[in-house]
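Engineer: Quick one: structure below, then a few questions.
Nothing in this text is a laboratory measurement; each read-out follows from the coordinates by a stated rule. Model, not experiment: these values are computed from the prediction. Here the Cβ positions follow ideal geometry from the backbone for every residue, glycine too, while neighbour counts run over all protein chains shown.
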Amino acid sequence: MYPKRLSVLIFSGVLSLTLGRCGSAPQNTSQGPAPDAPSATPITQASPLVGFDKDLAYVKNGGYTYVFVFSRQDKKPLDKDDSAFLRTNAPQVVDWVITDGGKKVIAGTNFNLEEGNMGELKKRYVVEDYSSK
């Protein structure tokens, strides 16, 4: 009784090995040199954001509906008077991020400043709209 079971187990093991090899890729039996493998191209990684781009991404990732960048028309760094003017004329801004060596400030808000004091702000500053509409 045991020899019959043993022969069935051996037969099923051989059968599974044989069937398992049926779907495998053909083996290269030639003795010649292996063909040159294509050289792997290095994966280029996006360089990390720095400076203005990093600060802009920070504000945009804040989930604000409106993102504006303010800079002085004379291209000089913003000073404390500029800070006071911006905060007074755009009190709806939630996030202010000074960037670009102090020459720009990025504002994040859910209020459309065009409905507020944007006219006054544009008289004194260069205003760039980075809102994703």
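Engineer: Evaluate the distance, in nm, between pseudo-label points positioned 7 Å from the Cα of Asn117 and of Ser132 along their respective Cα→Cβ axes.
Structural biologist: Distance between the two pseudo-spin positions: 3.0 nm.
Engineer: Can you tell me the dipole magnitude for segment 79-133 around its Cα centre, using point charges on the Cβ only (Lys, Arg +1; Asp, Glu -1), in Debye to the nearest 20?
Structural biologist: Numbers: 8 positive and 10 negative charges, 15 e Å.
Dipole about the Cα centre, nearest 20: 80 debye.
Engineer: Turning to a different aspect of this structure: Starting from the alpha-carbon convex hull of segment 62-101, give the projected area averaged over all orientations, in nm².
Structural biologist: For the Cα atoms of segment 62-101, the hull's average projected area reads 3.3 nm².
Engineer: Kindly identify segment 50-133 as rounded, prolate or oblate by the Cα gyration tensor criterion: order the square roots of the eigenvalues as a ≥ b ≥ c, call it rounded if a/c is under 1.5, otherwise compare a/b with b/c, prolate if a/b is larger, else oblate.
Structural biologist: Numbers: a/c = 1.69, a/b = 1.07, b/c = 1.58.
Oblate shape, in that a/c is at least 1.5 and b/c is the bigger or equal ratio.
Engineer: Taking amide H positions as placed 1.01 Å from N in the peptide plane, with prolines and chain starts having none, which residues 5 or more places from Thr99, or on another chain, fall under 5 Å of its amide H?
Structural biologist: Lys104, Val105, Ile106
Engineer: Which whole-Hz ³J(HN,Hα) couplings does segment 63-76 yield from phi under the Karplus relation 6.51 cos²θ - 1.76 cosθ + 1.60, θ = phi - 60°, glycine and proline marked x?
Structural biologist: Using θ = phi - 60°, the values come out as x, 7, 6, 10, 10, 10, 10, 10, 9, 5, 5, 8, 6, 7 Hz.
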